[in-house]
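The block underneath contains the structure these notes are about, expressed in structure tokens.
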Amino acid sequence: MNEIKTFRIIGRIPMGFQKSRFVKEVRALKLEHAIEKIYSELGSRHKLKRTMIDILSIEEVKEPQPKT
């Protein structure tokens, strides 16, 4: 069965004349889905084209186990 993973994506987007750094955590089944979600959210929220979004790093986040 497929398991939902959490990915931490770090990148830069243009804000005025400077590039601003962002860190977002996204839940997705696959890495490709997480990247697509970042492009979709940032493009919609900040009116950016996909080519304007620079993804610097992507890592899978291991969530801590709940305490019993």
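Read the figures in this text as sums done on the coordinates, not as results from a lab. Nothing here was measured: the structure is a model prediction, and the numbers come from that model. Cβ placement follows ideal geometry from the backbone for every residue including glycine, while neighbour counts extend to all protein chains displayed.
For residues that are surrounded by 15 or more Cβ atoms within 10 Å (Cβ to Cβ) and in contact with a Gly (Cβ under 8 Å, 6 or more places away or on another chain), scanning just region 1-38, find the one that is nearest to Arg50 (Cα to Cα). Ranking the candidates gives Ile38 first. The set of residues from region 7-48 being closer than 18 Å to Glu59 by Cα, touching a helix residue (DSSP H, G or I) at 6+ places or on another chain (Cβ under 9 Å) and either of a type in the set (Lys, Arg) or assigned to a strand (DSSP E or B) (or both) comprises Phe7, Ile9, Gly11, Phe22, Lys24, Val26, Arg27, Ala28. Any residue in region 37-50 that is in contact (Cβ under 8 Å) with a residue 40 or more places away in the chain and of a type outside the set (Asp, Glu)? No - not one qualifying residue is present in region 37-50.
Considering (1) surrounded by fewer than 11 Cβ atoms within 10 Å (Cβ to Cβ); (2) polar (S, T, N, Q); (3) not in a strand (DSSP E or B), the lone condition that Ser57 does not fulfil carries the number (3).
Per the conditions (1) loosely packed, with under 10 Cβ neighbours inside 10 Å; (2) of a type outside the set (Asp, Glu); (3) in a strand (DSSP E or B), the sole criterion not satisfied by Thr51 is (3).
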